[in-house]
Amino acid sequence: MRKVFILLSITLFFPLTALWAQQIKISGRILNAVSGNPVPGVLISVTHTDIQTISDENGYFSMEIIANNAAQLLISSSGFESITKTIQVGQREDIVLGDIFLYPLDEVFGELPTIEVMDTESEDDFGQQHIVSLQGASDDIYLSGAAYKFGSMRFRVRGFDSRYTETYINGINFNDPIRGMFNYSMIGGLNDVTRNKDITLGLEASRYGFGDIGGTNNIITNAASYGQGGKITASLTNRTYRYRGIASYSTGLMANNLAVTGAIGFRYADEGYVEGTSYNSFGYFLSVEKYFGERNQHSLSLVTFGAPNRRGRQGASFQEAYDLTNNNYYNPYWGYQNGEKRNSRVATSFDPALVISHRWQINEHSELTTGLGARYNQYGTTALNWYNSADPRPDYYRYLPSWQSTDEMKALYTQAWENDPSVSQIDWDRLYEVNYGRDRALYMVEERHNDLLEGIFNSVFRTDINEQLTLSAGIEFKTSKGMTYKTVDDLLGSQYWLDVDQFAERDFPGDPDKVQNDLNNPNRMVTEGDVFGYDYEIYVNSGKLWLQNEFSFPRTDFYYAAKLSYTSFYRYGNMKNGRAPDNSYGKGSVHDFWDYAFKAGGLFKITGRHMVSLNALYQTQAPLPYDAYLSARTKDDVLPGLSSEKILSADVSYLISTPLINGRATLFQTNFYDQNELNSFYHDSYRTFVNYAMTNIEKVHHGLELGVAIDLTSQITLEAVGTIAEYQYKNRPDGYVTYENGSQDDVMETVYLKNFYVGGTPQTAGSIGLSYFHPRYWFFDINYNYFDRNYVDLSPVRRTESAVAFQAMSQEERDEKVAAIVEQEKYDAGGTLDVSIGKSIRLRGGYSMSINLSINNVLDNTDLKSGGYEQGRFDFDTYDINKFPSRYYYAQGINYFLNVNFRF
C-alpha cells in the first residue's frame, strides 16, 4: 500500500511542479484610446480558463498564466468596445504588453470630427493656418463639445492661437519653431492611426513636457498600441473634399515581440463646397515596434508618415461682391481658361516625418522614453503677379460698382458682375492675350514657398518615488532651418520674367541698383522653376529642460513644475537686395533668449463626486522669428527692443461626477505682455508692399467655460457646453512701418488699440443637445449651436494718429468720422442646427461595421460670418472707410458627412 501511495505521489507531484515552474507573468496598462487616460476596473481574462484580473486606478494590471504556446486575452469594460489579444506564452520570460487602448462605445459608431485647416490670410498672402478645434475629442465634456460643435466658426478655446498648444507625436514636439503652430496636414487623412492620444487640458500636469496654456496633445503611434486587426473606412461629404478612403492593418504584438501597423488614405474633390476649390491628398503611415530584453522592458519604435496634398483655395472677399453674385461663398481666386475652371491660389504641402523612440521600463515604478524626430515640410502656394498692367483680381476695388463715379457706370458694372464671368472671376484668356507675342511677361503665376527642415531630440524620465510622489523630468533639443523664397510657376505664354522690384522703379527711375532684388545677379531673366524676388533662411536652435513633481493624497492631488529654455535664431539672406545692400545678404545678427516658466496646481476632493481644481502659470517665451523681423524679405532688421513674451495665466474649476450629472465649470484669465504681431499689405498711396509690425502688445483673455451632461434616462442624455469670454487689447502698442521699395524711411507710431477686441473667434458660444443611445448599438444626436460677439480682425493702421489727421468743417463732423474710422465691426449673432445618426453592426467571425451620418447646419443658415479682416491699406487722401472695406468668410450652409467603416 505504501508503494502505491509513493508511486501516486510521484506521478502527481512532478507534473504539477513542472507546470508551476512554467508560470509566467503578463502585465500591461489599459488606456482610453481617445483621451489617453488610464481606464480602471477593466476585466482582463484568459479565455477558456478561470484566470482573470482587474486593472488598477492607473490602468495597470498583471496576472500569472501557465506557458502553453498561446493564450487569448479578453479585455472588456462597461462603456468600451471589448477586444481580444492573442499572445504567445510558450516561453519562460515574463511578457510586458505595454499600453493597450480601448475605444469608448461612442467612438465605435463613427470617426472623430474631421479637422479642417482653414486659411486666413493677410494681404501678404502668406496664409496662416488656424486650427479650428482640438485634434480629436477628450473625455472632457466642454472640450469634446467645442471640438465637435464649434469648429465651423473657427472657434479657438480661450481665444488662444494654435501656437499655445503643444502637439507631440510619440513624445516628439512637432510645433513649427518659426510660426509656432502644428501642421495638421502632415497627418491628413490618417485618422484611423492618429486617434490614440494622451491629452493634457490647459495648465494641468503633462506626461510628455512642461506644456503650454493651450494644453498638450501627444499622438501615440507605436505599433504595439494598436489592437490586432484591420479597418477599412469610406466617406462621402460635401465639405472641403468629396470622397475619403482609409485602410489600416495592425499585426498586434506577435510571437517574436514585433508589431507592425500600416495605413494609407486619400481625400479627393474635383470641386469642394466653395466653387473653384479642389482637393487631392494621399497619406501613408508605417509603424514598426520591437520589444526586447530579459523581461521585454525595452521597446524600440520606428514610425514614418506623410500626406502630400494639393488644393485650390478659397479667398475672402467684400460684402459687395457677395451681394452682386448673390452668393456668400463667392471665390475670387478662380476663373475660366479655355472653358475650364482654374484656381490662381493652389496650395501644395508635403511634410514627411520620421520618429524613432525607445522606451525603457526600468522597473514597475520607473520608465525612460527617448526619441528622435526629423521632418522636411515643403509648402507652397501660387498667386498672380503682374508688371505695369491692370490688376487681374476680379474683386479689385476699382472694378466694383461702388467705386464708379456715375449712376450709369454703376449700373453698367453691376450688370457685368451679375452676368459676365469674365468680370466677376479671373479672366485667364485675357492674361494670355496680353502676354501673347511678348518675351517679357506682363502677367505670370508665382509660387511662394515656406519650407522647414528640422531635427528633434527628446527624453523624458518618469518615476513613482513612493505612493504619493511621482517625479518627471525631460530635456529637448531642436535644430531647424526655415526656407522662404519665390519661384516662377507659369509665365502664361511668355518667355521670361525680369527680376526687379517694379515698385522701386517708380520711385528710383535713375538708380538701377535700387530696383534689383539681387545685386549679385542684376536684371536676371528668370523662367519657370527659377527662384526670384526674395530668398532667405531662418535658422533656429532651441533647448528645454523641465522638472515636474506630482503628489497624490486621499483628499488632495497637487503638482508643481519648472522649465528653463534657450532659443537662438538668425536670418541668412541668399540675395543682396538693392534697397538694403548692406543688410540683406549672408548671415545676419544672432538673437539669443533665455526663458523660464513655473506652474502649479491642485485638485481638492470635497467628496468623491465633487472636486475643485486650481492651476496657475507664469512663463516667458522667446519671440517667434516670423513676428520678429521688420521686413525679412528685404533685410535683417528686427523689431527695436525685441524681447520675450510674458504670460500669466490661472484657472479654477468645479467638477462634478455623479451617476446622473457629469461636468465642469471653469473661470479662467490669461494676461499677455510684450507680444509681437506682423501684418503685410499693399499701400496704394506709396504703391508698394508695406510691413506693419507691432510690439509691446498687452492682451487679457478671461471668461467662463461650462460643460455638463445629464442622464435624463438610461438612454437619453442632455448635454450643454458653452463659454462667455472677453479677449481684449489692454494697451497702446508701438507700430513700425517698413516700405519694401525703400521709398520711405521706417516709421514708428503709436497704435491706439486699448480696449478693442481680439478678432477671429466667437467670444460667446454655446450648444445644447440631446443624445439617444439604443442598447442595440445605434444612436441619434441633435444639437443647436449659438455664436455671438465675433469681431473682425483689426488693422492697426486705422487706429493711429495719421488715420485721423484730417480737417473737418465742425467738431461734430470730425467726431462722427473718427468714430467711423476706428469702430470695430461685430458680426451678427446666429446659430446652426446639427443632427447625426449612427449604427454599429456586429458580424460573425468577430467582424463589425459602423455607419454614421452627420448633417450640419440643417436649416442652411448661410449668413453666419465665420471670420474676416480689415484691409491693411487705408485711404489717406479722403479718409473714406468704404474705399477699402473688410473682407469676410462665411460658415458653410447645410453640409453632410457619411462615414462607413468595416473592422476585421
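For this structure, a couple of remarks:
- Approximate spin-label separation S389-D439, in nm, with each point projected 7 Å along Cα-to-Cβ: 1.8
- FRET efficiency estimate (nearest 0.05) - Cβ-Cβ, K826 to V900, R0 56 angstrom: 0.85
- Extreme residue, positive dipole direction of the chain, given options L354, M63, M748 (C-beta unit charges): M63
- The range 291-302 - phi-based ³J(HN,Hα) in whole Hz, Karplus 6.51/-1.76/1.60, Gly and Pro as x: 9, 8, x, 4, 10, 6, 7, 10, 9, 10, 10, 10
- Here, P(r) means the percent of Cα pairs in each 5 Å bin from 0 to the largest distance; for the range 858-903 it is 5, 16, 15, 12, 11, 11, 9, 7, 5, 3, 3, 2, 1, 0.
- For the range 503-565 versus the range 396-454, the inter-centroid distance based on Cα atoms is 32 Å.
- Anisotropy class of the range 301-438 from Cα gyration tensor, a/c 1.5 cut: prolate
- Figure legend: label point modelled 7 angstrom from the Cα of Q337 along Cα→Cβ; residues of the range 353-394 with amide N under 14 Å from it are 382-385.
- Whole-angstrom Cα spans of the range 796-856 along principal axes, big to small: 85, 21, 7
- GluC sites (Glu not before Pro) lying in DSSP loop within the range 230-335, provided at most 14 other Cβ fall within 10 Å: E294
- DSSP H segments from the chain that extend 27 Å or more along their own axis, Cα-based, with Kyte-Doolittle mean of 0.5 or above: 2-21
- Potential lengthening between L843 and Q319 on full extension [0.36 nm per residue; Cα-Cα distance subtracted]: 183.4 nm
- For the range 238-254, the residues whose amide N sits under 14 Å from a probe point set 7 Å from the Cα of Q228 along the beta carbon direction are 250-254.
- The Cα center of the range 741-763 and the Cα center of the range 840-893 differ in position by 26 Å.
- Two-site FRET efficiency, N327 against W360, from Cβ-Cβ distance with R₀ of 56 Å, rounded to 0.05: 0.40
- For F787, net neighbour charge (Lys/Arg +1, Asp/Glu -1) across residues whose Cβ lies under 14 Å away: +2
- Using C-alpha pairs under 8 Å with a sequence gap of at least 6, the mean separation divided by the residue count of the chain gives a relative contact order of 9 percent.
- The range 330-384 versus the range 610-643: alpha-carbon centroid distance in Å: 24
- Under 5 Å, built H, 5+ apart or other chain: amide partners of S866: Y889, Y890, A891
- Percentage, to the nearest whole number, of Cα pairs in the range 443-525 over 18 Å apart: 68
- Amide H contacts of D94 (H built 1.01 Å from N, under 5 Å, at least 5 apart or other chain): K25
- Karplus-based coupling profile of the range 574-584, in residue order and whole Hz: 9, 10, 9, 6, x, 8, 9, x, 9, 9, 9, with θ = phi - 60° in 6.51 cos²θ - 1.76 cosθ + 1.60 and x standing for Gly or Pro.
- Projected onto its three principal axes, the C-alpha set of the range 152-202 covers 29, 27, 21 Å, listed from the longest axis down.
- When the square roots of the Cα gyration tensor eigenvalues are ordered a ≥ b ≥ c, the ratio a/c for the range 556-686 is 1.5 or more and a/b exceeds b/c, which makes its shape prolate.
- Förster-model FRET efficiency, 60 Å R0, I264 and S714, C-beta, rounded to 0.05: 0.90
- Calculated from backbone phi, Karplus (6.51, -1.76, 1.60) coupling profile of the range 523-528 in Hz, x at Gly/Pro: 6, 6, 9, 9, 10, 4
- Counting only Cβ charges, +1 for Lys and Arg and -1 for Asp and Glu, the dipole size of the chain around its Cα centre is about 3580 debye.
- Evaluated at q = 0.05, 0.07 Å⁻¹, a Debye calculation over the C-alpha positions of the chain (equal weights, vacuum) places log10 I(q)/I(0) at -0.32, -0.61.
- Full-stretch length increase - R310, L519 - with 0.36 nm per residue and alpha-carbon distance subtracted: 71.8 nm
Each value in this text was obtained by applying a stated rule to the coordinates, not by laboratory testing. All figures in this text were calculated on a predicted structure; none of them were measured in a lab. Neighbour counts are summed over all protein chains in view; Cβ atoms, including those assigned to glycine, are modelled from backbone coordinates with ideal geometry.
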